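The values are calculated or read from the model by the stated rules, or taken from the named source; none is laboratory data. Because the structure is predicted, anything quoted here is derived from the model rather than measured. Note: ideal-geometry Cβ built from the backbone for every residue, glycine included; neighbour counts use all protein chains shown. In case anyone asks, the SASA skips ligands and DNA or RNA and just uses the protein heavy atoms, side chains included. Shrake-Rupley method; radii C 1.70, N 1.55, O 1.52, S 1.80 Å.
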Amino acid sequence: SKKYLYTVGAVVTLLVLSFNIYGNYHAKQVKVREYNVSINKSVKDVKQLKIALISDFHLGYSVGHEMMEKMTEKINNENVDLVFIAGDIYDNSVKTVDDMEKCKKALASIKSNYGVYATFGNHDIDEKLFQGFSVQSDHDGYRDSEMEKNLVDSGIRILDDDVIKILDNSINIIGRKDSERTGLGKAQRESIDKLMENVDASKPTIVLEHEPRDLEYIGNLGVDLHLAGHTHAGQFFPLTIGTSIMWKNDYGQKVFNGMTSIVTSGIGVYGPNLRVLTNSEVSIVNIDFKD
């Protein structure tokens, strides 16, 4: 009957509107999620370390300086020792960012005791977009030099297949290029085995990269903590189901061969400016070092 069809149509329309209105509002609310990790290796004069893990800003059409300011406020309220940014800082273009100077100011305001470190992701590369989605997928493309310059100007150190040591060489940090798109044309990233050649695995070792790949293999190499983003935890239902099938750890905390993997849902959005059943978040990782 027409009455039945009109009723169903009205209900479906109301549900679609509610989904979009709520999802758009919720995407702009930055939450804090906390994790606790024990590493059975000692660090001289340091028993605990507090880390902020953030990722997937997707600065561009949907995300700008307001989200960066909210994120920075959340981080600074936590009084962290280290900040790690796990890629996809841009949404395929620098030119679409509304007021990059304000974004840089917000990023430069991040406070930490031992620095802010970042790796790039698969969207930190110039590509054409339509309605928020890539329409020119170029795996051999190049990154706009402004993408790196903006981070450096904000006091952020980029780890691009680099191994560094902090706290008097007592903690190893490995920052990797993205596994899909290095932003350097056909250049491939270095293997994790090669990077580990310069690492004393008897000391706490942290790997930062965009995608949570090969977690079991990396865990076998003596890495203690793996930090990543990329998945957005699905961003909105029903994609939240798909990511849990695709990734061994699509969100949260899991252990692989003694290594703790933590995947954050990120700050921004990809495609539609919506989040349903996931949060835009800052992940706080509390590490206890034990002999």
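Worth a mention:
- Of all the options N172, N40, N249, the one that moves most in a Gaussian network model of the chain with Cα springs shorter than 10 angstrom is N40.
- Cα pair distances exceeding 17 angstrom across region 31-102, given as percent: 54
- Furthest towards positive pole of dipole, P238, G155, M259, structure part the chain, Cβ charges: P238
- The spacing between region 4-37 and region 59-134, judged by their C-alpha centroids, is 25 Å.
- Within a Gaussian network of the chain (alpha carbon springs, distance under 10 Å), most fluctuating of G87, G242, G183: G242
- Choice from K50, K165, K74 with maximal GNM fluctuation in the chain (Cα, 10 Å cutoff): K165
- Farthest positive-ward along the chain dipole, Cα basis, beta-carbon charges - from S1, V80, I166: S1
- Gyration tensor verdict on region 194-286 (Cα atoms; rounded if a/c is under 1.5, prolate if a/b is larger than b/c, oblate otherwise): prolate
- By DSSP, the beta bridges lying fully in the chain are antiparallel in about 35 percent of cases.
- With each label modelled as a point 7 angstrom along the Cα→C-beta vector, the K95-K111 pair spans 3.9 nm.
- Förster radius 30 Å - calculated FRET efficiency between K47 and D214 (Cβ-Cβ, nearest 0.05): 0.45
- Exceedance of the 19 Å cut-off in Cα-Cα distance is limited, within the set K28/K149; K44/K177; K47/K290; K194/K248; K104/K149, to K28/K149; K44/K177; K194/K248.
- Debye, to nearest 20: dipole size of region 1-104, +1 on Lys, Arg Cβ, -1 on Asp, Glu Cβ: 460
- Pairwise FRET efficiency - S18 versus I158, Cβ, R0 = 45 Å, nearest 0.05: 0.65
- Taking all Cα pairs closer than 8 Å and separated by 6 or more residues, the relative contact order of the chain comes to 28 percent.
- Equivalent ellipsoid semi-axes - Cα gyration tensor, region 140-242, angstrom: 24, 20, 15
- Per-selection Kirkwood Rh - region 250-291 (Cα, Å, 1 d.p.): 12.6
- Gyration tensor over alpha-carbon atoms, the chain, equivalent ellipsoid semi-axes in Å: 34, 21, 19
- Residue-level accessible surface for H230, protein heavy atoms, 1.4 Å, Å²: 40
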